[in-house]
Structure formats: C-alpha cells, structure tokens
Amino acid sequence: MLAFVAQRALTAIPTLLIVTVMVFGIQRSLPGDPAVILAGEERDPQVIAFIRAKYRLDEPIPVQYVAWLGQLARGDLGVSMRTGEPVSSLILTKLPVTVQLAVLSILVAVAVAIPAGAIAATRKNTGWDVAGTVVALSGLSIPNFWLGIMLILLVSVQLGWLPASGFVPFLEDPLENLRRMIMPAFVLGTGLAAVLMRQMRSSMLEVLSQDFVRTATAKGASGWTTVVRHAMRNALIPVVTILGLQLGTLLSGAVLTEQVFTIPGFGKLIVDAVFNRDYAVVQGVVLFTATSYIAINLAVDVLYAVLDPRISGSRA
C-alpha cells in the first residue's frame, strides 16, 4: 500500500507542473494591465512603473514564471497585489468557509442519494424508480445559480423562513451559521446528489444480480439484511469513487453558489482576484485547488482499496 501511495504521489508532480504553466500562461494572456488597475484613476506613469517593477511585471514572462516556481519551491505563494497580504494567509482565512459549505453539501447529497438509489434499485420499474429518475434528472438539469435565486425568492423573500445571504462564523453563533448555510448547501449538493443517486442505483442493480447475493437469500437472509449487509457495501465502491471525482466539481460549483448567497469563501476570493487581475492570488488559489484535487483522488484510491482488499494487492 505504501508503494502504491508513493507511486501516485510521484505521478502528481508532472500534473502540477502542467497546471502551473496553464494558470500562469492564461493569466498573462488576459486583457488588462494589473499595474494600471492598481494605479487607480489618475494612472500616474511613475506609479505604474513602480508597481510593475515591484511585482516584476516588467520582466519577460518566462523569467516571471521561473521566479514564481522558485517561490513555490520555498513554500511561498506570494503576496496579494491589492492588499499586500500573503496569499497563503488569504487562502487559510477563506478556506474554512468553503470547506464547511462543501461538507454540508456532501452530507445533503449522501443523505438523499444513497437511500434513494438503493430504493430505486430494489423497486426497479416501479413508481419509486421512476420518481427517483425524474428527481435525479431534474437535479442534473437545473443550474445552481437559478435554483439558488428561486430558493431565495421563495424561502427568504416570500416565506421569510431563512436569511437570503451573508455568513456568520460557526464558533460565533452555531445556530445562525447553520440557518445561513442550509440553502447554499442544498443548492450545491443537488447536482452531486443526482449523480450519486444514479450511480448507486446502477451499482445496486449489478450487485443484486451477483451469485453471493442469491446465496445469502437462499440461506434465509431477510431482504433487509441482504440489501444492507451484502449488497450495499459492495455497491458503495463505485459510489465512493464518483464522490471523490465530484469533489473538484463541488469546489468549482461553490464559486457560483458563494456569489449568489454572498458567502465570503474561496469562490468569492478567486472571482474578486480575477476581476482585479491579482495574479498572485489567482495562481495561488488555482494551484492550491489542483493540489487538493490530486490529494482527494489519492485518498479515494486508498479508500477504494480498503473497501475491497483484493484491489490493493493488484495495484500495489
């Protein structure tokens, strides 16, 4: 298992290098000079020249890229061109908000998708199965931003049940924090729940047709025991894989959701940085996200092997 983990960690290095080239190159190809934006409306040429020299924007792009890689090798993500704060500090400040939103979204998605997928599979071609399919397709088809706006209009404006926007730290007021995070978590978790539900249904159908399930039934196991103890555990293996792969999508979906509900998280940080041409922040956030995505996939592979020990032997 250790050899497998080490091998996967080494293969991540070329991936991260490709990410650095892409994020650096695309950033520099976008219209708009960050030095001019930072200089303000007066746009004093001396101020602009000073900003360019301070952040090495007057050097050739390959030189800037190599200098940035040197910073990364020392564990330095740079400083924000707008606020002067270290990028690592900005990420650590905003990340807990997005992590909480992502965790709540996963809980919502798993709580809905696993039982719904299992019920749809055990009651194939019934009203339950059709209803589950309709709900899953609706969850995949409806854009997050539209669902968020509609929920704000209905739940907050019309009914007045929950706040429409804003964020309160959990440690400051746990109840108010959850009241403000319920709707964003539901919106963000809807698409994930639909994907997991469809995967759970197809996995359960495949497992229920296996010989060991028929053997358990022949030995007198009840329907509930067969589904929960024998079928569901094996059916969860591909579901866990899909869940890990979807976490990256969850982070990207958080960008829109945080904008709709005015949540000061990771997504809002990168959107503001892109509009302000804050190169260091955008590069740091994208690189951090890519690294997290790779780490999540590695963790999913390890969990996959734990759920089915036969796999760890073949992969290691």
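Let me spell it out: the conditions are (1) surrounded by fewer than 16 Cβ atoms within 10 Å (Cβ to Cβ); (2) closer than 15 Å to residue 107 by Cβ, and residue 179 meets all of them except one. Which number is the exception?
The number of the failed condition is (2).
Does residue 118 qualify as being farther than 27 Å from residue 289 by Cβ, open to solvent by less than 60 Å² (accessible area, probe 1.4 Å) and either of a type in the set (Phe, Trp, Tyr) or in contact (Cβ under 8 Å) with a residue 24 or more places away in the chain (or both)? Quick ask: steps written out before the conclusion?
Numbers: farther than 27 Å from residue 289 by Cβ: yes; open to solvent by less than 60 Å² (accessible area, probe 1.4 Å): yes; either of a type in the set (Phe, Trp, Tyr) or in contact (Cβ under 8 Å) with a residue 24 or more places away in the chain (or both): yes.
Taking the combined requirement at face value, the residue satisfies it.
Considering each of 98, 126, 133 in turn, give the residue that is of a type outside the set (A, V, I, L, M) and within 23 Å of the chain's Cα centre (by Cα). Explain how you work it out, then say what you get.
Working: 126 fails: within 23 Å of the chain's Cα centre (by Cα); 133 fails: within 23 Å of the chain's Cα centre (by Cα).
Only one candidate qualifies: 98.
Can you list the helices (runs of 4 or more DSSP H) found entirely within segment 210-298 that contain at least 2 residues being under 27 Å from residue 56 (Cβ atoms) and in contact (Cβ under 8 Å) with a residue 40 or more places away in the chain? Steps first, answer last, please.
Values: elements: 211-218, 232-260, 266-275.
Of the helices (runs of 4 or more DSSP H) lying wholly inside segment 210-298, those with at least 2 residues that are under 27 Å from residue 56 (Cβ atoms) and in contact (Cβ under 8 Å) with a residue 40 or more places away in the chain span 266-275.
Give the residue, chosen from 28, 56, 52, that is of a type in the set (Lys, Arg), farther than 30 Å from residue 240 by Cα and part of a loop (DSSP other than H, G, I, E, B).
On the way: 28 fails: part of a loop (DSSP other than H, G, I, E, B); 52 fails: part of a loop (DSSP other than H, G, I, E, B).
One residue alone meets the criteria, 56.
Which residue is most open to solvent (accessible area, probe 1.4 Å), if the candidates are limited to segment 30-88 and must be closer than 23 Å to residue 289 by Cα and of a type in the set (D, E, K, R)?
It comes out as 74.
Scan segment 146-161 for residues that are in a helix (DSSP H, G or I), surrounded by fewer than 16 Cβ atoms within 10 Å (Cβ to Cβ) and not polar (S, T, N, Q) and report the count.
Of the residues in that region, 6 qualify.
For every residue, the table says whether it meets (1) more than 30 Å from residue 167 (Cα to Cα); (2) open to solvent by 40 Å² or more (accessible area, probe 1.4 Å).
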{"residue": "202", "(1), (2)": "yes, yes"}
{"residue": "206", "(1), (2)": "yes, yes"}
{"residue": "219", "(1), (2)": "yes, yes"}
{"residue": "222", "(1), (2)": "yes, yes"}
{"residue": "229", "(1), (2)": "yes, yes"}
{"residue": "235", "(1), (2)": "yes, no"}
{"residue": "251", "(1), (2)": "no, yes"}
{"residue": "258", "(1), (2)": "no, no"}
{"residue": "266", "(1), (2)": "no, no"}
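Which residue is modelled with the highest pLDDT, if the candidates are limited to segment 1-25 and must be open to solvent by 90 Å² or more (accessible area, probe 1.4 Å) and β-branched (Val, Ile, Thr)?
Looking at residues that are open to solvent by 90 Å² or more (accessible area, probe 1.4 Å) and β-branched (Val, Ile, Thr), I get 18.
I need the full set of residues from segment 38-48 which are assigned to a helix (DSSP H, G or I) and either of a type in the set (D, E, K, R) or in contact with a helix residue (DSSP H, G or I) (Cβ under 8 Å, 6 or more places away or on another chain) (or both), in order please.
Within segment 38-48, 38, 39, 47, 48 qualify.
The values are calculated or read from the model by the stated rules, or taken from the named source; none is laboratory data. Model, not experiment: these values are computed from the prediction. No Cβ is skipped: glycine too gets one built from the backbone with ideal geometry, and neighbour counts run over all protein chains shown. We work out accessible area using only protein heavy atoms, side chains counted, and drop any ligands, DNA or RNA first. Shrake-Rupley method; radii C 1.70, N 1.55, O 1.52, S 1.80 Å.
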